[in-house]
1. Can you find even one residue in the stretch 336-343 that is among the small types (G, A, S) and under 30 Å from K236 (Cβ atoms)?
2. Taking K119 as meeting all but one of (1) at pLDDT below 80; (2) closer than 30 Å to L342 by Cα; (3) among the charged types (D, E, K, R), write down the number of the exception.
3. Inspect the stretch 273-291 for any residue being farther than 27 Å from L160 by Cβ, modelled with pLDDT under 95 and surrounded by 19 or more Cβ atoms within 10 Å (Cβ to Cβ) and give the result as yes or no.
4. Given the residues K230, K180, K236, which is the only one that is over 29 Å from V274 (Cβ atoms), among the basic types (K, R) and either in the same structural domain as L314 (by TED's automatic domain parsing) or not in a helix (DSSP H, G or I) (or both)?
5. Pairs under 6 Å by beta carbon, first residue among the aliphatic types (A, V, I, L, M) in the stretch 267-279, partner crowded, with 21+ Cβ neighbours inside 10 Å, six or more apart or different chains?
6. Of these, I200, I191, which one is surrounded by 15 or more Cβ atoms within 10 Å (Cβ to Cβ) and at pLDDT 90 or above?
7. Pairs needed: first member in the stretch 314-339, assigned by TED's automatic domain parsing to the domain that holds S278 and polar (S, T, N, Q); second member anywhere, exposed (fewer than 12 other Cβ atoms within 10 Å of the Cβ) and modelled with pLDDT under 95; C-beta distance under 6 Å; at least 6 residues apart or different chains.
Amino acid sequence: MLLHFLHQNIGRTLSRLDLLHHVWPLSHPTDRTVDDHIYRLRKKLRSWERFSIDTIRGLGYRLVFKASKTSGNPLGLDHELRSGIDLLFNMYIRYGQGKGLQKLANHQEVLDIELDIDKDIYLHFVNGDFKWIVNHPESHFRDRAFYLLHVYSMIQFDALKTLSLFEKNLESQLLPPRHKFEIYTFNLISINLQAGRYDIVRQMITNARLQINQQKNGGSVYYLYNLELKLDLYSKQWSNFYQRLRAGDELYAQCPFFREKGVFLIIKGLWELVQGNSVSATRFLDNGLEMFEQSQFIPSLINGLHEILFSRKLLPATDVQNSYEEKWEQISRKYKFPELELSIYDELKKHL
């Protein structure tokens, strides 16, 4: 009945209420019943490559017929064009241009291309559509696991629990090599830093720098620099921190990367707090969050707020840090952090 009704309305977005009224008119199922049936139907449709059920955020579901592309624009098959689009996609990521990523995604039909599943998941991640990543049945867990771990790490404050989940997923061998590299090079450093394991972090940063130099990944230099700053700040190596901070002012004066520059401003704000300068601290913290908002990378904004609030565990807590609780609660309600935390945890544990 569900497939029949969707097919009768192919291409049309149907709300859960529409489906409840037309498919289950004599019973009293819940929204969860609809979601469960959609999930099972999607699994059955996997063998029919021409049909798929799309989730339209905030609206419902839509059955889509994928027309053959063999008679379309021949540019869609051009290797040079696809390579150029991959390069552009990665440039938007590096420079923190979420708006550019969205425009590229919205012009797939014009360019006669289809972004691969990893890019598709990344776009949902950038836009804050975390529930889609948790529940998307048409993508393999191994493609979603990295993003699930990343989201989990930034919506709650138990660093040891987060670290345990990362380590178990790495042991499971489910993660693709590119995601393993990113976790070992960046994510584990941040989580160990939050857990106060400073000696381990120092060695991990040394190893990460070797990896980055081998790959000649210039954009990662800024990310690593911020990690070193945070290590000196949280471990209270004031002399090292101050020297690195002054050098960072010169480094970031010409930095074109929105997200990395935003993190640097957050760190400067926390340093001002250590010195007891509440007014300048607030200015730097607000400017850092504003950089994240300009980038239109939702995870970066969440991470920035998380950093400010988590710093209370590693530095003396102040009223300035506490003042960001309200903004955190607003975002938590918008993206349903408590519910999201449980669903991500269940999804990760299910595959271990």
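1. Step one: list which residues in the stretch 336-343 are among the small types (G, A, S), which gives 343.
Pick out the ones that are also under 30 Å from K236 (Cβ atoms) and you get none.
So far as the stretch 336-343 goes, no, none of its residues is among the small types (G, A, S) and under 30 Å from K236 (Cβ atoms).
2. (1)
3. Taking every residue of the stretch 273-291 in turn, at least one turns out to be farther than 27 Å from L160 by Cβ, modelled with pLDDT under 95 and surrounded by 19 or more Cβ atoms within 10 Å (Cβ to Cβ).
4. On the way: K230 fails: over 29 Å from V274 (Cβ atoms); K236 fails: over 29 Å from V274 (Cβ atoms).
Only one candidate passes the filter, namely K180.
5. Every condition considered, the pairs that remain are I267/L229; L270/S311; L273/A281.
6. Working: I200 fails: surrounded by 15 or more Cβ atoms within 10 Å (Cβ to Cβ).
The match here is I191.
7. From residues that are assigned by TED's automatic domain parsing to the domain that holds S278 and polar (S, T, N, Q), there are no pairs.
Conditions tested, residue by residue: (1) of a type in the set (A, V, I, L, M, F, W, C); (2) modelled with pLDDT of 80 or more.
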{"residue": "I56", "(1), (2)": "yes, no"}
{"residue": "L59", "(1), (2)": "yes, no"}
{"residue": "K69", "(1), (2)": "no, no"}
{"residue": "E80", "(1), (2)": "no, no"}
{"residue": "G98", "(1), (2)": "no, yes"}
{"residue": "F125", "(1), (2)": "yes, yes"}
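The values are calculated or read from the model by the stated rules, or taken from the named source; none is laboratory data. Every value quoted in this text rests on a predicted model; they were computed, and no experiment measured them. Backbone-built Cβ (ideal geometry, glycine too); neighbour counts: all protein chains shown.
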